[in-house]
Structures are given as C-alpha cells and as structure tokens.
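Nothing in this text is a laboratory measurement; each read-out follows from the coordinates by a stated rule. This is a predicted model, so every value here is computed, not measured. Cβ sites come from the backbone with ideal geometry, for glycine too, and all protein chains shown count toward neighbours.
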Amino acid sequence: MTISQADERSRAANLVEVEDLKVYFPVRSGIIVDRHVGDVKAVDGISFEIKRGETLGLVGESGCGKTTAGRAILRLLEPTGGRIRFDGDDITHLHGDELRRLRRRMQMVFQDPYSSLNPRRNVGNIVEEPLNVHGIARGKEADGRVQELLEVVGLPRNAGNRYPHEFSGGQRQRIGLARSLALQPDLIIADEPVSALDVSIQAQMINLLEELQDEFQLTYLFIAHDLAVVRHISDRIAVMYLGKIMEVAPSARLYERPLHPYTKALLSAVPIPDPAVELERERILLKGDLPSPTNPPSGCRFHTRCPFAQKKRCPDEVPELRVLENGHTVACHYVEEIDAGRITTRTLEAAEPVAVPG
Ligand SMILES: Nc1ncnc2c1ncn2[C@@H]1O[C@H](COP(=O)(O)OP(=O)(O)OP(=O)(O)O)[C@@H](O)[C@H]1O
Ligand SMILES: [Mg+2]
C-alpha cells in the first residue's frame with residue numbers, strides 16, 4: 001500500500017480530523033485607540049481524529065479550551081490556525097450556504113439544560129424548529145417527526161404541548177437531545193451533557209446517549225472535566241491542559257495506565273472501588289491554579305504544576321505528542337523515565353521534584 005492509499009484509508013475511517021487547530025481570542029485595550037494587546041490562546045495547536053461511530057472523550061480542567069475546541073469544530077467559531085476536516089472535506093473556513101449545509105450534519109448538546117431551551121416556546125416547537133429552518137418538514141409531517149423524536153429520547157407523548165419549565169433537568173436534557181437528533185446528524189458534540197444533572201440521572205442520560213449512538217450510527221465528541229464521567233461512554237480519551245492535548249489513549253488503557261503526570265493527577269481525584277488498589281496507588285496533587293491562557297508557561301505548559309518537572313527541557317522545550325504503544329500518545333519529555341520509576345515524587349505534596357539518577 002502506498003502512503004497516499006494509507007492516507008485515504010485512514011481518512012475514510014475518520015469522520016473528523018483536527019490538525020494543529022488554534023483558536024485565539026484577541027484581548028483589546030484602550031478607549032480612544034483600540035489596541036490589540038494580546039490573545040487568549042484558548043486552543044493552541046491541537047490534533048486528533050474521531051473515527052466514524054466512535055466516542056472520543058475530551059477532558060481537562062475548567063478553562064483549558066474544551067468548549068472552544070468543540071465550537072470550532074462545529075464552526076461556530078472561526079479557527080485562528082490549523083485545519084479541520086469533516087467527512088474528508090476541509091471545513092476550516094467554510095461560509096454561507098456551504099456552512100449551513102454542514103450544520104445539519106453536526107449538532108451540539110449543551111451543559112446547561114435550563115438556559116439552552118427557549119422558555120417561551122413549547123417543547124414541540126423547540127424540537128420542530130430545526131426541521132423548519134432547514135426546510136426538511138412542515139405541518140403534519142413535522143408533527144409526526146417530533147412525536148417520534150420525543151419517544152426516542154424517552155419523553156412522554158404529550159411532552160410536545162408543555163413548556164421547558166415543566167420538566168426536570170434530566171428531562172430538559174432529553175428535549176435538547178431530541179432537538180439535536182431532528183436533523184439526523186452524523187456528529188454530536190456533547191459539551192458536559194450530564195454535569196448539571198443529579199448523579200442518579202447522569203447514568204440514565206449516558207445510557208440513553210449510548211443507545212442513540214447504536215440506533216442512529218452517531219459519532220460523539222463527549223466533553224467533560226471529570227474523568228469518571230467519560231470513562232464508560234468513551235472509546236478513546238484525549239486529555240487537555242491549557243489549550244494543548246497532553247495524552248490520548250483508549251479509554252480502558254488510560255485508566256489502567258495513565259502516563260502523563262497531568263492525567264495521573266486528574267485520576268487521583270477519581271475514587272477506585274477496589275480498596276487494595278486504592279491504598280496502593282500513587283496520589284498526585286496539583287500545585288497552584290491553572291495559569292492564564294493569555295500568557296501560558298514556556299516549554300511544557302504543565303511544568304509549573306508538574307510534580308515530576310525537571311530543570312532540563314521542561315521549562316523551555318515544548319513536548320511533541322509522541323505515539324508510544326497500543327495507540328497511547330503522550331506529550332511529555334520524561335514519560336519513559338517516570339513510567340519506569342526513574343523520576344518520582346517523594347511526597348504527596350511534592351514540594352520539590354526529585355530526580356533519581358537512572
Ligand atoms: N468568546 C471568548 N472571548 C474571550 N475569551 C474566551 C471566549 N471564550 C472562551 N474564552 C477563554 O478561553 C479559555 C477556554 O475557555 P473554554 O470555555 O473553551 O474552556 P472549557 O475547557 O470549556 O472550560 P469549562 O470546563 O469551564 O467549560 C478560557 O480562558 C476562557 O476564558
Ligand atoms: Mg466548557
């Protein structure tokens with residue numbers, strides 16, 4: 001197989017391909033003269049792909065750029081740099097009619113089930129709206145379609161005549177889902193779809209998302225700040241920190257064997273049901289707050305908070321995402337040394353990183 005054939009084959013398997021995507025928000029100051037004084041580098045050169053039918057989890061702390069990445073892929077935001085391909089087509093700078101056509105194929109489910117639904121319209125109208133806007137169905141046909149959609153997401157038949165405030169948070173999230181499904185999209189970007197819900201309802205919602213994925217052959221980008229939430233639904237997980245991707249791995253592997261110090265720290269916050277494992281495992285607590293994305297740390301962005309950080313390389317060399325084994329990809333200069341125990345943290349607080357000569 002030639003390189004271009006291999007390229008074509010992987011392209012056919014991928015619904016979304018993101019290459020070195022950057023999204024900067026300009027920071028301006030000055031009342032009389034409007035000056036561009038810097039940029040919030042919300043997404044600063046990320047690359048990943050989402051295969052057809054796959055769920056890719058995207059996790060990271062608040063403010064690391066997850067929503068911005070999702071909105072850029074949906075082209076609700078204009079990328080500052082890089083490339084986005086959807087179903088083989090470059091959509092990075094699409095506009096007008098082409099963009100409108102594309103929108104039918106990608107939908108977003110939002111975090112907040114309260115503010116994402118128009119309180120003045122009944123549920124039937126809310127779910128029907130995309131069908132009208134895109135000229136797909138009207139009148140009786142649209143009514144029938146709305147009925148079906150409400151049923152598919154597990155809402156009562158009469159839900160269409162009622163208003164959003166008459167529903168619970170979990171039910172509203174189902175209304176949002178029905179609206180997203182109306183256009184039979186290929187890709188759904190679910191931005192923290194269960195974060196605002198009660199824990200007991202989170203599992204129901206995740207199960208529903210999984211059922212819908214099978215039934216409608218959907219591809220998901222599932223955004224969350226908590227690794228516990230994405231575990232079961234994701235095939236692979238990408239971990240983001242301050243606008244960059246730090247690690248990508250198949251879901252089970254990421255939990256069993258996190259390699260990046262940041263992922264280890266995120267997982268430290270997730271309880272493990274087995275007491276023996278829980279006692280044994282290494283806990284990593286992060287120092288300090290997330291630095292500003294306007295002026296991110298040099299070198300590895302995580303080095304200012306990393307308990308394994310070394311004086312050499314970490315502060316001045318940006319680590320590339322490197323493919324290790326079994327689809328495990330990590331951006332850390334010292335991942336091999338840390339994994340082999342040649343670089344360790346001595347205490348929980350890890351005030352000073354300790355290097356054990358290897
Ligand atoms: N429209 C905007 N203008 C300026 N800055 C923005 C804008 N949208 C986002 N940002 C900034 O970009 C960074 C990333 O924001 P984003 O919402 O993508 O993070 P997130 O990972 O989704 O966080 P959360 O978990 O809190 O939802 C933040 O510092 C945020 O303040
Ligand atoms: Mg967000």
> How do 47-60, 98-111 rank on mean C-beta neighbours within 10 Å, highest first?
Replying inline: 47-60, 98-111
> Highest GNM mean-square fluctuation, the chain, Cα pairs closer than 10 Å: which of P275, P297, P315?
Replying inline: P275
> Rounded to the nearest 0.05, what FRET efficiency is calculated for N118 and E317 with R0 set to 51 Å and r the Cβ-Cβ distance?
Replying inline: 0.55
> Taking N as the number of residues in segment 90-170, what value does Rg over Cα atoms divided by 2.2 N^0.38 Å take?
Replying inline: 1.24
> If you average the sequence gap of Cα pairs under 8 Å that are 6 or more apart and divide by the length of the chain, what percent do you get for the contact order?
Replying inline: 17 percent
> Once amide H atoms are placed 1.01 Å from N in the peptide plane, what residues at a sequence separation of 5 or more from G45, or on another chain, have their amide H within under 5 Å of its amide H?
Replying inline: L21, K22, V23
> By per-residue mean of other Cβ atoms within 10 Å, what is the highest-first order of 175-184, 22-31?
Replying inline: 175-184, 22-31
> Charges only on Cβ, +1 for Lys and Arg, -1 for Asp and Glu: so what's the dipole of segment 108-184 about the Cα centre, in debye to the nearest 20?
Replying inline: 120 debye
>> Suppose we look only past 36 Å in the calculated P(r) of the chain. What percent of the Cα-Cα pairs does that tail hold?
In response: 28 percent
> Can you list residues whose amide H is under 5 Å from M108's amide H, if they're 5+ apart or on another chain and H is modeled 1.01 Å from N?
Replying inline: I189
> Residue-wise, which Karplus ³J(HN,Hα) couplings in Hz belong to segment 42-54, taking 6.51 cos²θ - 1.76 cosθ + 1.60, θ = phi - 60°, and x for glycine or proline?
Replying inline: 5, 10, 10, x, 10, 9, 6, 10, 10, 6, 4, x, 8
